[in-house]
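Chemist: Dumping the structure here so I can ask a few things about it.
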Amino acid sequence: MTVSRIAFVAADIEAAQCALACLTDRYGSVPPSEADVIVALGGDGFMLETLHQHIDRHVPIYGMNRGSVGFLLNVYDPERLPERLARAETVRLHPLVMKARTVDGSLHEALAINEVSLLRETRQAAKIRIRIDGRTRLDELICDGVLVATPAGSTAYNLSAHGPIIPMGAGVLALTSISAFRPRRWRGALLPHTAKVVFEILENGKRPVSAVADYTEVRDVTEVEVREDRSTHLRLLFDPEHNLEERILAEQFMP
């Protein structure tokens, strides 16, 4: 891709701010609203924030890791940045859309690039009924929580909850339990990306549950619908030798 206008954005941490000063001094910077590409400097959390902030612009975003894990980012190197951007490969992601209804009847909607998770709010386990495409698949899940993850998010919270790692382009979503008590042996399922998942919170007064789409939390929910939003796409740029699909594949062989 041809890049003439670069916008640099950075997390509020010392390593990212130093990189911002270095790269801006070397290459210049334009406001994100005028950029051909946005270069995000920070960790995975900051990358998610940047993606959410510019989700309506469809501008490609190239991340360089100045945080900790950096799964969604490239290796930081201030040299030859225009050349790296020119040969970068594009990965297109579709977020999840969460529609959560609360005990007071209000409806809240949010997008999630990694996952939508339901979590118990108190000492008591949650009781959740799971319906997929209108059919009840699990009448009662007693658990700390449950989540739906995209392929890009499958190596995040989903992996910590012992969910499967999903290759990009597999066309599936991960449905993963979090510390399931009953059914004790149920760990989750792989769903087609077209599936509509509805979680019904049972005994919601006694066992309150919150729903979280990436970092947007809605508390005291009674019902949560999750599906992939095919009308929205995000463009991430990766160096060819270290792209996201390769990272997801490699993660499955980590010791």
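Where a number appears in this text, it was derived from the coordinates with a stated rule and is not lab data. Since the model is a prediction, treat every value here as computed from it, not as a measurement. Heads up, the Cβs are rebuilt from the backbone with ideal geometry, glycines too, and the neighbour counts pull from every protein chain shown.
Chemist: When the convex hull of the C-alpha atoms of the chain is computed, what volume per residue in Å³ does it have? Mind showing how you got there, number by number?
Modeler: Numbers: hull volume 35.0 nm³, N = 255.
Per residue, the Cα convex hull of the chain comes to 137 Å³.
Chemist: With θ set to phi - 60°, apply the Karplus curve 6.51 cos²θ - 1.76 cosθ + 1.60 along region 113-128 and write out the HN-Hα couplings as whole Hz, x wherever there is a Gly or Pro.
Modeler: 8, 8, 7, 10, 10, 10, 9, 5, 9, 10, 5, 8, 5, 7, 10, 9
Chemist: Please work out how much length the chain gains when fully extended from residue 220 to residue 184, using 0.36 nm per residue of separation minus the C-alpha to C-alpha distance, in nm with one decimal. Intermediate values should be presented prior to the final figure.
Modeler: Values: separation 36, 0.36 × 36 = 12.96 nm, distance 2.50 nm.
Gain in length upon complete extension: 10.5 nm.
Chemist: Here's another thing I want to ask about it. Based on the Cβ-Cβ distance of residue 139 and residue 107, what FRET efficiency does E = 1/(1 + (r/R0)^6) give at R0 = 25 Å, to the nearest 0.05? Write down the numbers at each step before the final one.
Modeler: Numbers: r = 25 Å, r/R0 = 0.99.
The pair residue 139/residue 107 has a calculated efficiency of 0.50.
Chemist: So how far, in whole Å, is the C-alpha centre of region 126-160 from the one of region 194-241?
Modeler: 10
Chemist: Hey, could you grab the Kirkwood Rh for region 23-117? Inverse mean 1/r over distinct alpha carbon pairs, Å, one decimal.
Modeler: In region 23-117 this quantity evaluates to 15.2 Å.
Chemist: OK, next. Short version: ³J(HN,Hα) in whole Hz for each residue of region 44-55, in order, from phi by Karplus 6.51 cos²θ - 1.76 cosθ + 1.60 (θ = phi - 60°), x for Gly and Pro, what are they?
Modeler: Values, residue by residue: 4, x, 5, 4, 4, 4, 5, 4, 5, 5, 10, 5 Hz.
Chemist: Dividing the convex hull volume of the Cα atoms of region 201-255 by its residue count, what figure in Å³ per residue is obtained? The partial results should precede the final answer.
Modeler: Values: hull volume 9.1 nm³, N = 55.
Cα-based convex hull of region 201-255, divided per residue, equals 165 Å³.
Chemist: What are the semi-axes of the equivalent ellipsoid of region 96-228, taken as the square roots of 5 times the eigenvalues of the Cα gyration tensor, listed largest first and rounded to whole Å?
Modeler: For region 96-228, the semi-axes come out at 21, 16, 13 Å.
Chemist: What residues have an amide H closer than 5 Å to that of residue 229, excluding those fewer than 5 places away on the same chain, when H is modeled at 1.01 Å from N in the peptide plane?
Modeler: Residues meeting the amide H criterion: 96, 97.
Chemist: Same structure again: Per-residue ellipticity at 222 nm for the chain, helices alone: DSSP H runs ≥ 4 residues times -39500 (n - 2.57), over residue total, nearest 500 deg cm²/dmol? Show your work: numbers first, answer last.
Modeler: Numbers: 5 runs with 43 residues, N = 255.
Only helices count here, giving -4500 deg cm²/dmol.
Chemist: Something else about it: Just how large is the dipole of region 96-228 about the Cα centre, in debye to the nearest 20, putting +1 at every Lys and Arg Cβ and -1 at every Asp and Glu Cβ?
Modeler: Values: 18 positive and 16 negative charges, 114 e Å.
Using Cβ point charges on Lys, Arg, Asp and Glu, region 96-228 gives about 540 debye.
Chemist: Relative to a virtual label point 7 Å from the Cα of residue 77 in the Cα→beta-carbon direction, which members of region 23-63 show backbone nitrogen distances below 15 Å?
Modeler: 63
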